[in-house]
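Q: Okay, here's the structure, questions in a sec.
The values are calculated or read from the model by the stated rules, or taken from the named source; none is laboratory data. Note that this is a predicted model, so its numbers are computed, not measured. As a convention, Cβ positions derive from the backbone with ideal geometry for all residues, glycine included, and neighbour counts pool all protein chains shown. In case anyone asks, the SASA skips ligands and DNA or RNA and just uses the protein heavy atoms, side chains included. Shrake-Rupley method; radii C 1.70, N 1.55, O 1.52, S 1.80 Å.
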There are 2 protein chains.
Amino acid sequence: MADIARHTEHRYGNRPTMKDVAARAGVGLKTVSRVVNGEPGVTPDTERRVQEAIEVLGFRRNDSARVLRKGRTATVGLVLEDLADPFYGPLSRAIEEVARAHGALLINGSSAEDPAREQELALALCARRVDGLIVIPAGDDHRYLEPEIRAGVATVFVDRPAGLIDADAVLSDSFGGARDGVAHLIAHGHRRIGFIGDRPRIHTASERLRGYRTAMEDAGLPVDDAWVSLGSTEPERVRTAVREMLDAAEPVTALFAGNNRVMVTVVRALAGHPRPVALVGFDDMELADLLGITVIAQDAAALGRTAAERLFRRLDGVDDVPERVVLGTTLLARGSGEIPPSAV
Amino acid sequence: MADIARHTEHRYGNRPTMKDVAARAGVGLKTVSRVVNGEPGVTPDTERRVQEAIEVLGFRRNDSARVLRKGRTATVGLVLEDLADPFYGPLSRAIEEVARAHGALLINGSSAEDPAREQELALALCARRVDGLIVIPAGDDHRYLEPEIRAGVATVFVDRPAGLIDADAVLSDSFGGARDGVAHLIAHGHRRIGFIGDRPRIHTASERLRGYRTAMEDAGLPVDDAWVSLGSTEPERVRTAVREMLDAAEPVTALFAGNNRVMVTVVRALAGHPRPVALVGFDDMELADLLGITVIAQDAAALGRTAAERLFRRLDGVDDVPERVVLGTTLLARGSGEIPPSAV
DNA sequence: TAGGGCCTGGACAACGTTGTCACCGGAGGG
DNA sequence: CCCTCCGGTGACAACGTTGTCCAGGCCCTA
């Protein structure tokens, strides 16, 4: 007796199960299941009795058991890089909307830019048997996902491509966007333009650098090594980079900021600078319009939506080859990018 | 034969189970379980054989089954209001960090300010048997959560209190913050101060309004009905409210913005206004410092952290009475709040 | 009125894991 | 030399749900 009690002790705080509901309603277990799932073949009267019992007991179906039985979880996982980065807000929101439209729930977590944590998180999601996975990669080796993908977990990468495996990816045109932004500065008369970007290991960062170099080359302009600074987006590092480029014997007259983190710090640094310096940043931000910052805007929502739709198409059984989708960017001229070069 | 095939057909894409691993390693099922869970009592040699089989087969434990058996999911649910609102980024990030420190995963979703959707989402999370729930309420009736709480789902509300049930809540001092902000404007000479806030149904909105009224009253100032505008945070509505207050016969000389959504629109509206108007906003935002906007800052991260810690304390069995924790706010003077009243 | 089909309801197994308990072989003590 | 004990191992039930299949009752038709 004591044994039995110990056995069923703190099990979900003793929640009622379908069995309990069945007993209370005086029907069979399966009939309760039918009512709960809206399956046909139940008399209105029986259904009413079951509903009543459900109400009284406060029964709620245990989806874990359901998942175990059915094999589908109606859940997709999202591994993003930093929940607090404003760029990812609209992106994950768009994914959530699509998931919701497909009756699925979203589980997410952030990797904090740490590849090990990305892997840990992605695999934890797989252990929860998400139907699909959307990943904003922090690392550059995703072979660890191969068994999962083989086992049927639909996987789509966003913002950055997967590393060392062949998988769907939805990206912004980092190269083209950066090239256009730098060309914009050149068109306004700049010849010495600085580029401050994220760590080159990150795909978007290196693509944007490539865009910068291409624009310069296309205009027949040389690029001094001192004009390019890559590394973490730590404010301290970025501030130093700005200072060095502006204090040089031949200072740059314009700057290109490789992403929103960098841009924020650059704007702050330039605010304290005596000479006007042109600036174009990658990524739009709220309030950037009021500050008159010219940016290359990505459509984060479209990125998320596209990726999610792709994921659900795969979950619906469409099985075409992995593909890379690239979305265009938009240059928003607001003033900071149209400042002419100032005499030194 | 065909029957058997049909039976095991598309089940997680036929993932290997512990049984498969056991067969391959030539050991018993339970031994595999022991290895997977790091339980003691397995010879190094046996363990190696099992690990090898796991590797080869690409086995990953099915947490759904585990949950079903154990009764705990090591998962907490977060119902927030809008993933894309920058205020919630740091908040959910802080919650995630605490959850991670406790070895738990976070599932979240947004209610989009719709009470029905909040309920749907919260109950879906309960069906997935999350151990705990953190809710940023959209609605003001949470009785639907009573069976869940009774069944043992630890529940903490953040940013706004629960409605009609007794539950933990972690809040910012909306009343005190607004009162201080308005008092700040009064101290700088303003007598006619407008308040533009969110819908009064929302607890924070009404508290902030109360703070505004209290500050005015404390200073012996009257409040004209035309100076108070409550409603949605739609830009169009806020713009209209700003215009009306500034175009009145006796226009306000200062504005208090009830939250970050409102503040953004107000700043935009004031940018096009000929006369300088003082402004204090509730909620800090990135770049607000560069625009010189004086704000009442809440510590979103502390809010999230406090709530999450409270949740896990409950999950650890601490069972004190539901409590309301109120965190202080900080006035950040940056210029816009220190503009003196301009002659009309 | 008997027979057949349809509709409602229930018994039972299975999903993949973990807790319980029993078994087996070897070491150590009497 | 036998008995006990213990560490390592495996058989089995149980978690709560759903799919399958069968039973019984009803109505309709011949």
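Q: Any residue in the range A:115-129 that's farther than 12 Å from A:Gly77 by Cβ and open to solvent by 10 Å² or more (accessible area, probe 1.4 Å): show its pairings with residues that are part of a helix (DSSP H, G or I) and of a type in the set (A, V, I, L, M) at Cβ separation under 9 Å, as long as the two are six or more apart or on different chains.
A: A:Gln119/A:Leu145
Q: Which one of B:Asp85, B:Asp159 is away from chain A (no Cβ under 13 Å), of a type in the set (D, E, K, R), under 24 Å from B:Thr329 (Cα atoms) and under 13 Å from the mean Cα position of the chain (by Cα)?
A: On the way: B:Asp85 fails: away from chain A (no Cβ under 13 Å).
Just one listed residue meets the conditions, B:Asp159.
Q: A further question follows. Considering only the range B:195-205, I want to know if a residue exists there that is within 14 Å of another protein chain (Cβ to nearest Cβ) and within 23 Å of the chain's Cα centre (by Cα).
A: no
Q: Does A:Ile339 meet the test of being open to solvent by less than 20 Å² (accessible area, probe 1.4 Å) and outside any helix (DSSP H, G or I)? Walk me through how you get there before you give the answer.
A: Numbers: open to solvent by less than 20 Å² (accessible area, probe 1.4 Å): no; outside any helix (DSSP H, G or I): yes.
No: the conditions fail for A:Ile339.
Q: Still on this structure, I have one more. Checking A:Glu120 against (1) more than 25 Å from B:Val67 (Cα to Cα); (2) more than 8 Å from chain B (Cβ to nearest Cβ), which test does it fail?
A: (1)
Q: From the residues in the range B:46-74 that are touching a Phe, Trp or Tyr at 6+ places or on another chain (Cβ under 9 Å) and open to solvent by less than 80 Å² (accessible area, probe 1.4 Å), which one is nearest to the other protein chains (Cβ to nearest Cβ)?
A: The qualifying residue nearest to the other protein chains (Cβ to nearest Cβ) is B:Gly71.
Q: Going through B:Arg93, B:Arg100 one at a time, which residue ends up being more than 8 Å from DNA strand C (Cβ to nearest atom), open to solvent by 70 Å² or more (accessible area, probe 1.4 Å), closer than 30 Å to A:Arg93 by Cβ and of a type outside the set (Asp, Glu)? Show your work before the answer.
A: Working: B:Arg93 fails: open to solvent by 70 Å² or more (accessible area, probe 1.4 Å).
So the residue among B:Arg93, B:Arg100 that is more than 8 Å from DNA strand C (Cβ to nearest atom), open to solvent by 70 Å² or more (accessible area, probe 1.4 Å), closer than 30 Å to A:Arg93 by Cβ and of a type outside the set (Asp, Glu) is B:Arg100.
Q: Could you look through the range B:132-162, keep only residues that are touching a residue at least 40 places away in the same chain (Cβ under 8 Å) and charged (D, E, K, R), and pick out the one that is most open to solvent (accessible area, probe 1.4 Å)?
A: Ranking the qualifying residues of the range B:132-162, first place goes to B:Asp140.
Q: Related question: Go through (1) modelled with pLDDT of 90 or more; (2) more than 16 Å from DNA strand C (Cβ to nearest atom); (3) farther than 23 Å from B:Val153 by Cβ one by one and return the number of the condition B:Asp82 breaks.
A: (1)
Q: Which ranges mark the helices (runs of 4 or more DSSP H) fully within the range A:7-118 that have 1 or more residues being near DNA strand D (Cβ under 9 Å from one of its atoms)?
A: So the answer is A:18-25, A:29-36, A:63-70.
Q: Can you tell me which residue in the range A:28-45 is most open to solvent (accessible area, probe 1.4 Å), limited to those that are β-branched (Val, Ile, Thr) and within 43 Å of the chain's Cα centre (by Cα)?
A: Here is the first cut: in the range A:28-45, the ones β-branched (Val, Ile, Thr) are A:31-32, A:35-36, A:42-43.
Checking the rest, the ones that are also within 43 Å of the chain's Cα centre (by Cα) come to A:31-32, A:35-36.
Working: A:Thr31: 30, A:Val32: 0, A:Val35: 15, A:Val36: 48 Å².
Going through the qualifying residues, I end up with A:Val36.
Q: Could you list, in sequence order, the residues of the range A:136-156 that are away from every other protein chain (no Cβ under 14 Å) and closer than 20 Å to B:Gly58 by Cα?
A: If the condition is that a residue be away from every other protein chain (no Cβ under 14 Å) and closer than 20 Å to B:Gly58 by Cα, then A:Asp141, A:His142 are the ones that fit.
Q: Here are some conditions: (1) more than 11 Å from DNA strand C (Cβ to nearest atom); (2) on the phi > 0 side of the Ramachandran plot. B:Gly38 meets all but one. Which one does it not meet?
A: The one condition B:Gly38 does not meet is (1).
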